[in-house]
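Here's the structure, in structure tokens; my notes come after.
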Amino acid sequence: MSSEAQASPASPGDTRSHPRVLYMVYWGALEPLGQSLVVPALEVMAARGVALSLVTFEKPADLRLESLVRATSERLRGRGIPWVPLHYHKKPRIPATLFDVVNGWRTGVSLGRRRRAQLVHGRTFVGGLIGRAVATTLGIPFVYHNEGFYPDEMVDGGFWAEGSPMHRVTRSLEQRLYGGADGLIVLSSRAARRVEDLPSVRRRGTPVIVVPSCVDLQRFVSGAASRRASPLRLVYSGSVGGRYELDRIGRFVAVLAERTPVRLAVLTREPREIVAGMLAAGGLPEALWESGFVPHPDMPARLATEDAGLVFLARGTSEVGCSPTKIGEYWACGLPVITTPGISDTDELIERFHCGVIVPEHTDAAYRRAGADLQDLLADSGLRARCRAAAEAHYALEPACDRQVRLYRELSIRQA
């Protein structure tokens with residue numbers, strides 16, 4: 001067992017060097033996470049010779065975007081990837097999710113048989129449950145891509161109480177996924193150590209690889225321009241609420257505004273009134289922020305107009321296993337990150353590349369110190385290059401895809 005699975009060499013003519021993989025994820029390929037994390041990765045792995053089939057769960061609003069559906073379908077078809085977009089059902093939550101699980105299992109089994117899949121890749125917690133059921137039915141290996149410690153995320157986000165029935169049930173199911181997987185993918189080195197220590201993983205010698213939330217570095221590029229003198233432009237992108245503490249970001253920006261002109265951009269799909277309520281709770285005047293949704297293809301250009309990116313995450317056991325996509329995108333575009341401690345492998349990378357500021361506690365005094373540290377950092381002419389280097393070292397798409405392809409080939413060889 002190791003953090004990078006080592007596959008036996010295979011000749012170009014060996015069919016085991018071109019494994020047939022059924023890829024199932026409980027996200028939509030049309031939503032921002034799918035556009036940033038799923039579609040680009042599958043394109044790279046298909047170019048490496050993996051025969052992929054994709055099953056996703058799409059939100060109705062996304063399916064109504066005909067141009068996006070057509071463009072995504074053409075991208076995947078261009079790489080020879082059959083795509084089955086199932087409908088995602090949200091309410092009532094438990095029955096809707098159970099329906100999706102059964103529908104995903106039926107679809108996966110049918111598609112896996114038609115495509116003669118050699119293994120199943122189940123991504124996200126629910127995607128893992130579906131993927132394991134499909135793999136068991138087909139009698140082929142199963143790779144669980146955990147995308148964070150889901151039960152703990154629900155507790156840390158305030159959705160469930162620790163030790164509640166839902167928390168206990170999902171923790172039990174999560175342990176079964178780890179124990180039943182033939183290969184495991186996690187988002188950080190810290191998460192890998194936690195998973196590798198599980199008795200069921202140690203006993204089976206299950207290979208564990210680290211694949212952060214990677215960034216297409218050919219699209220997200222660092223600009224050469226130096227920072228404007230005023231105002232200081234800060235950005236937050238992605239989901240708000242739950243573990244993502246936009247109210248505290250609002251307070252942080254409000255404290256900075258006491259000493260320097262500053263403006264915050266919140267790039268999210270959430271309605272403006274929800275953003276406004278959270279920022280108002282932090283004491284940030286409405287004149288100092290803006291919000292709106294930026295489609296993923298336009299995100300690199302939008303980030304290029306900013307000075308630094310923000311990520312404040314609720315402290316808890318789940319932060320070890322996460323990998324916020326926004327951090328890699330900030331760094332790839334040359335922006336330092338202002339973050340709370342303990343998120344994924346971020347602390348280590350900030351120390352190594354001197355590419356961000358860690359806010360140790362939520363007090364006005366700590367915010368003022370972090371603001372001063374940020375100003376010093378932004379005055380450093382080498383900052384943008386170091387941010388880019390951090391992204392290339394940790395968030396690059398191609399090396400992460402190569403690790404997955406090696407894992408696929410290793411499991412296909414074992415299966416042969």
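The values are calculated or read from the model by the stated rules, or taken from the named source; none is laboratory data. Just so we're clear, the structure is a prediction, and the values are computed from it rather than from any experiment. Please note: Cβ atoms are built from the backbone with ideal geometry, for glycine as well, and neighbour counts cover all protein chains shown. Heavy atoms of the whole protein, side chains included, go into the accessibility calculation; ligands, DNA and RNA do not. Shrake-Rupley method; radii C 1.70, N 1.55, O 1.52, S 1.80 Å.
For region 85-96, check the following and say yes or no: at least one residue is in a helix (DSSP H, G or I), within 24 Å of the chain's Cα centre (by Cα) and under 25 Å from V50 (Cα atoms). Steps first, please.
Applying the first criterion (in a helix (DSSP H, G or I)) to region 85-96 yields 93-96.
Now drop any that are not within 24 Å of the chain's Cα centre (by Cα), which leaves 93-94, 96.
Subsequent filtering for residues that are under 25 Å from V50 (Cα atoms) retains none.
No.
Of the residues R114, R132, R75, only one is open to solvent by 60 Å² or more (accessible area, probe 1.4 Å), part of a helix (DSSP H, G or I), under 28 Å from H18 (Cβ atoms) and in contact (Cβ under 8 Å) with a residue 40 or more places away in the chain; which? Walk me through it before giving the result.
Values: R114 fails: in contact (Cβ under 8 Å) with a residue 40 or more places away in the chain; R75 fails: in contact (Cβ under 8 Å) with a residue 40 or more places away in the chain.
None of the other options fit; the residue is R132.
Each row is one residue, and each column tells you yes or no for (1) farther than 18 Å from Y330 by Cα; (2) open to solvent by 30 Å² or more (accessible area, probe 1.4 Å).
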position	(1), (2)
S222	no, yes
L232	no, no
V240	no, no
L246	no, no
G250	yes, no
E270	yes, yes
E273	yes, yes
A280	yes, yes
V294	no, no
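Against the condition touching a residue at least 40 places away in the same chain (Cβ under 8 Å) and either surrounded by fewer than 19 Cβ atoms within 10 Å (Cβ to Cβ) or part of a loop (DSSP other than H, G, I, E, B) (or both), how does L30 come out, does it pass?
On the way: touching a residue at least 40 places away in the same chain (Cβ under 8 Å): yes; either surrounded by fewer than 19 Cβ atoms within 10 Å (Cβ to Cβ) or part of a loop (DSSP other than H, G, I, E, B) (or both): yes.
It is true that L30 is touching a residue at least 40 places away in the same chain (Cβ under 8 Å) and either surrounded by fewer than 19 Cβ atoms within 10 Å (Cβ to Cβ) or part of a loop (DSSP other than H, G, I, E, B) (or both).
For region 135-179: of the residues being out of contact with any Asp or Glu (no Cβ under 7 Å at 6 or more places or on another chain), outside any loop (DSSP other than H, G, I, E, B) and β-branched (V, I, T), which is farthest from P324 (Cα to Cα)?
The extreme case among them is T137.
Contact list please: Cβ distance under 8 Å, first residue in region 176-200 and within 25 Å of A41 (Cα to Cα) and open to solvent by less than 20 Å² (accessible area, probe 1.4 Å), second residue part of a loop (DSSP other than H, G, I, E, B) and among the β-branched types (V, I, T), pairs at least six apart or on different chains.
Y178/T206; A181/T206; G183/T206; L184/T206; I185/V211; V186/V211; L187/V211
Pairs, please: C-beta under 7 Å, at least 6 apart or cross-chain, first residue touching a residue at least 24 places away in the same chain (Cβ under 8 Å) and open to solvent by less than 10 Å² (accessible area, probe 1.4 Å) and in region 34-61, second in a helix (DSSP H, G or I) and among the acidic types (D, E)?
Filtered contacts from region 34-61: F57/D100.
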